[in-house]
Ligand code: EPU
C-alpha cells in the first residue's frame, strides 16, 4: 500500500510535536512499491530527501521543501534457526518496543536492555540505538533496504554498516540515500544477561529472579520514572551525545568533582555523562517559555506546548554554551536537526 500527500502536516511525525509541513510525503508498506514510485517519478530526484521512521530523533527548524519518505513495512518473520540462535526479519515500520516485547515473550535475548526506546525498527540501526550497556548493532545480522541513487534493493551485513556510538553508515555515507525496509536480527535462545550498566544489576536483583522478563520490567520502570512520555510531553530522548574526552581530561574533572560518572571506552578516550554536566551547570529543570530541560533527566529537552523548532534549537545552543563555559567541554547534538 502507498500513500502520497502534498503539503503534509508533520506534527504527528515528530515526537517534539513541532508544527511543520512537508512539500511531499510518501509512505509505503512494500519495498517494491518504493522501487516503482522512484522509477516512475524522476522529477523528485532533484528535491531534498528526508527519511523518517516515527520522528523520535528529529528536530524540524522549518517546513521541509522536499520529499519525505516514510517506510511502513510491517511483519516479523523467522528466517532461520539453529541450536542456539533464531534469525528474525523485522519490517522497518514495526514499533521498536513491540519487537522487544515479542523477543522477551519468546525468550530470545539480545535486545531486552533496549526496552521502551521510542521509534520504529527501521530507525534503530541508523543511530545504533543503545541503552544500559547494549547497542542494537550487537544483535543486527543485516540491514535490507533500497538505494535511491542506484535504484536497487541492497542488503548490508552488520560488519559493513560502520556501527559506532550512536552512529552508522546510514547516518554518514548513505544519509538520505538508503531507505531501510527491514532488519534481520540474530537473537540468543540461551541468553546471557547484560547487567553491567551502573545500577542495573542491583535494580534487577531487587526485583527478584533474573530473567529477560525481569530485565525488561526493570528497564521499563527505570525509563518511565526518568524519561518523559512523548505522547504527553514533546521530546526526542537524549538531545546531546555523551561527550568523549581523554583519560587525562577525565582525571582533571575527577579531581574537581569526585562524583562525576566516567565510562571507559578505550585507552584513548572515556565518556562523561552529558546529563550530569548539564545538571551540574545548574540547568536541570531550567525553562524558558515553552522549552525546558527535563526535571528528571537533564539530557532531555522538552517542548511544554507549542514551541517552534527554532526556539528549541536556540535553547539547546544556550545549554551547550553554558556547559562549554562551565567545564570547557563541547556537547554534540544527538538529535538530527532539519
Ligand atoms: N545524570 C545526572 N543528571 C541527569 C542525568 C544523568 O547526574 O540529569 C547522571 C546519572 O546519575 C548517571 C549518569 O549521569 O550517573 C548516566 O545517566 P543515565 O543512566 O540516565 O544515562 P545517560 O548517560 O544520561 C544514556 C543514553 C540514553 C540511555 C541511557 C541508559 C546517550 C546520549 N543517552 O543516557 O539514551 O537510555 O544512557 O543507558 O547515550 C537516547 O539516546 O535518547 C537515550 C535516552
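The values are calculated or read from the model by the stated rules, or taken from the named source; none is laboratory data. As the structure is a prediction and not an experimental result, all values here were calculated from the model. Cβ placement follows ideal geometry from the backbone for every residue including glycine, while neighbour counts extend to all protein chains displayed.
Points worth noting:
- Members of region 12-36 that are closer than 13 Å to residue 68 by Cα and either out of contact with any strand residue (DSSP E or B) (no Cβ under 6 Å at 6 or more places or on another chain) or part of a helix (DSSP H, G or I) (or both): 13, 20, 34
- Pick from region 196-210, criterion part of a loop (DSSP other than H, G, I, E, B) and in contact with a helix residue (DSSP H, G or I) (Cβ under 7 Å, 6 or more places away or on another chain), ranking: nearest to the ligand (Cβ to nearest atom): 210
- Taking the listed residues 292, 275, 305, the one that is in contact with a strand residue (DSSP E or B) (Cβ under 7 Å, 6 or more places away or on another chain) and closer than 22 Å to residue 15 by Cα is 292, with no other qualifying.
- When 223, 216 are checked against the criterion of being modelled with pLDDT of 90 or more, assigned to a helix (DSSP H, G or I) and more than 13 Å from the ligand (Cβ to nearest atom), 216 stands alone in meeting it.
- Region 108-130: number of residues that are within 25 Å of residue 29 (Cα to Cα) and in a loop (DSSP other than H, G, I, E, B): 12
- Residue 241 being under 16 Å from residue 133 (Cα atoms), in contact (Cβ under 8 Å) with a residue 40 or more places away in the chain and surrounded by 14 or more Cβ atoms within 10 Å (Cβ to Cβ): yes
- Lone qualifier among 193, 185 - being away from the ligand (no atom under 13 Å from the Cβ), in contact (Cβ under 8 Å) with a residue 12 or more places away in the chain and in a loop (DSSP other than H, G, I, E, B): 193
- Pairing each residue of region 268-286 that is closer than 22 Å to residue 312 by Cβ with any residue that is away from the ligand (no atom under 11 Å from the Cβ) and in a loop (DSSP other than H, G, I, E, B), provided the two are 6+ apart or on different chains, yields C-beta distances under 9 Å for 274/329; 277/329; 278/286.
- Inclusion of residue 302 among residues that are touching a helix residue (DSSP H, G or I) at 6+ places or on another chain (Cβ under 7 Å), closer than 15 Å to residue 16 by Cβ and in the same structural domain as residue 332 (by TED's automatic domain parsing) is not warranted.
- Verdict on residue 331 being touching a helix residue (DSSP H, G or I) at 6+ places or on another chain (Cβ under 8 Å), within 26 Å of residue 51 (Cα to Cα), buried (at least 17 other Cβ atoms within 10 Å of the Cβ) and outside the structural domain of residue 61 (by TED's automatic domain parsing): yes
- Filtered by the rule that a residue be in contact with a helix residue (DSSP H, G or I) (Cβ under 7 Å, 6 or more places away or on another chain), modelled with pLDDT under 95 and surrounded by 15 or more Cβ atoms within 10 Å (Cβ to Cβ), region 139-192 gives a lone residue, 148.
- Of residues in region 87-98 being within 26 Å of residue 1 (Cβ to Cβ) and in contact (Cβ under 8 Å) with a residue 60 or more places away in the chain, the one surrounded by the most Cβ atoms within 10 Å (Cβ to Cβ): 92
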